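Below is one structure; the comments refer to it alone.
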Amino acid sequence: MGTETQRAEKEAAANAGANPQMCPSCGVPLVAGMRFCRSCGYRLGEGMAEYVETVRFDRMTNMHGMGEGNQSLAGAQTTVISPVAPVSPQSLSPGRPRRKGRKKWLAFLLMFVLFVPLVAVGGGFLFRAIRDAAQRSVGFQPQRNEPRSFLGASDFGGADGAGAVIEQSMLGSPAERAGLLDGDTITKFDGKVINGEDTMRDVLSETPVGKTVEVVYLRDGETKTTQLTTISNKDYNSDAFMPKERGMLGIEDTERVAVEGTNIHGVRIGEVYPNRPADLFGIKRGDVVVEFDKKPVRTGEGFFGYINLAKPGSTVDIVVYREGQRITIPVKMGRRT
């Protein structure tokens, strides 16, 4: 059988008019350019280019019966395999689905941007409605931001007995226009007894803006009465009354104390800075100041208010108590930087 196959291949090569190359292994004639022997599979070498023309014979499955009636190599059909162009990932991905996906993401984003604010606004309305209903059910009255009556005290302090102490009567305020001074203790306001600083604030919050009231107060142990017209707390501007240049004395850590042997209060000095006006003109730590430029000093906040209002370079008389003695000290004011 093998002899017949070899003879068939020799005849096919002869009919094709070729000069066949012989297989080194089995001796069968070969077609030029083949890389393997068709008979024994022997590797013949690298052969031709990467893509080699392939020769196909008719009726190769019946090679044993090849004879004169079979088609010769000259009539063999040939098929040329061309190189295939590389395929990019982009060419494998259809464009239309990607556009659809992108449109879906844009639609989702637009829905999110519109939906979240609507939910927030709607939720806010719902929350306020529930809160208001709950407050009404328990009789709660929400606090309104209405103007409050303003008296003109920077703050109130506690008194030794009943009443509220004015820490500082502010410039241009109703308190100053009514003659109230720093350290005055209000005992009655518009007919209501004042038992402390908290009571004073509560009474002010209940007083209508612009109402004229009677104020009963204590000053150095003496009871006095005055009339005061309140204003709105929004209508007072303290900066309008402050000078551009402020005075400086060079002290700190003051304390309101009762002056021994008298019925008045004063301000004890806790710290005197060296080489400042107070130190240079003889004011010492522990001195109790009772008067500044002919104005009574009864609170620390009021004392510093007088210092700020003093004109830099001017000379003021400061009255102090030192070891039971009343001393008047002229002081040339410095400039606050």
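The values are calculated or read from the model by the stated rules, or taken from the named source; none is laboratory data. Because the structure is predicted, anything quoted here is derived from the model rather than measured. Positions of Cβ are generated from backbone atoms using ideal geometry, with glycine treated the same way; all protein chains shown enter the neighbour counts.
Looking at Glu260, Glu271, Glu252, Glu206, which one is without any contact (Cβ under 8 Å) to a residue 12 or more places away in the chain, surrounded by fewer than 20 Cβ atoms within 10 Å (Cβ to Cβ), out of contact with any His (no Cβ under 8 Å at 6 or more places or on another chain) and among the acidic types (Asp, Glu)? Walk me through how you get there before you give the answer.
Values: Glu260 fails: without any contact (Cβ under 8 Å) to a residue 12 or more places away in the chain; Glu271 fails: without any contact (Cβ under 8 Å) to a residue 12 or more places away in the chain; Glu252 fails: without any contact (Cβ under 8 Å) to a residue 12 or more places away in the chain.
Selected residue: Glu206, the only one of Glu260, Glu271, Glu252, Glu206 that is without any contact (Cβ under 8 Å) to a residue 12 or more places away in the chain, surrounded by fewer than 20 Cβ atoms within 10 Å (Cβ to Cβ), out of contact with any His (no Cβ under 8 Å at 6 or more places or on another chain) and among the acidic types (Asp, Glu).
Would you mention how many residues in the range 195-253 are part of a loop (DSSP other than H, G, I, E, B), charged (D, E, K, R) and within 18 Å of Leu171 (Cβ to Cβ)? Break it down into steps so the answer makes sense when it comes.
In the first step, residues of the range 195-253 are kept if they are part of a loop (DSSP other than H, G, I, E, B); the result is 195-196, 207-211, 220-221, 230, 233-237, 242-246, 249-250.
Cutting the leftovers down to charged (D, E, K, R) gives us 211, 220, 234-235, 244-246.
Filter once more, so that each one left must be within 18 Å of Leu171 (Cβ to Cβ): 234-235, 244-246.
The total comes to 5.
List pairs: first residue in the range 223-237 and within 20 Å of Lys188 (Cα to Cα) and touching a residue at least 60 places away in the same chain (Cβ under 8 Å), second residue assigned to a loop (DSSP other than H, G, I, E, B) and among the β-branched types (Val, Ile, Thr) anywhere in the structure, Cβ distance under 9 angstrom, at least six positions apart or on different chains.
What qualifies is Thr230/Thr207; Thr230/Val209; Ile231/Val209.
Asp220 - would you say it is touching a Lys or Arg at 6+ places or on another chain (Cβ under 6 Å) and closer than 25 Å to Asn308 by Cα? Lay out the reasoning, then the answer.
Working: touching a Lys or Arg at 6+ places or on another chain (Cβ under 6 Å): no; closer than 25 Å to Asn308 by Cα: yes.
So Asp220 fails the test.
Looking for something farther than 30 Å from Val290 by Cβ, over 42 Å from the mean Cα position of the chain (by Cα) and among the small types (Gly, Ala, Ser) - is there at least one such residue anywhere in the range 216-235?
First, the residues of the range 216-235 that are farther than 30 Å from Val290 by Cβ: 229-235.
Cutting the leftovers down to over 42 Å from the mean Cα position of the chain (by Cα) gives us 229.
Right, trim to among the small types (Gly, Ala, Ser) and you get none.
Among the residues of the range 216-235, not one is farther than 30 Å from Val290 by Cβ, over 42 Å from the mean Cα position of the chain (by Cα) and among the small types (Gly, Ala, Ser), which makes the answer no.
Which of the residues that make up the range 324-336 are within 25 Å of Val259 (Cα to Cα) and either surrounded by fewer than 13 Cβ atoms within 10 Å (Cβ to Cβ) or of a type outside the set (A, V, I, L, M) (or both)?
Residues satisfying the conditions are Gly324, Gln325, Arg326, Thr328, Pro330.
Please identify the pairs in which a residue from the range 150-162 that is of a type in the set (A, V, I, L, M, F, W, C) has its Cβ atom under 9 Å from the Cβ atom of a residue that is at pLDDT 80 or above and surrounded by fewer than 13 Cβ atoms within 10 Å (Cβ to Cβ), counting only partners at least 6 apart or on another chain.
Close Cβ pairs satisfying both conditions: Phe150/Lys234; Phe150/Asp235; Phe156/Asp198; Ala162/Val193.
Just to be sure I understand the filter: pairs with C-beta atoms under 8 Å, separated by 6 or more residues or on different chains, first member in the range 311-323 and surrounded by fewer than 21 Cβ atoms within 10 Å (Cβ to Cβ), second member polar (S, T, N, Q) and modelled with pLDDT of 95 or more. Which pairs pass?
Asp317/Thr328; Val319/Thr328
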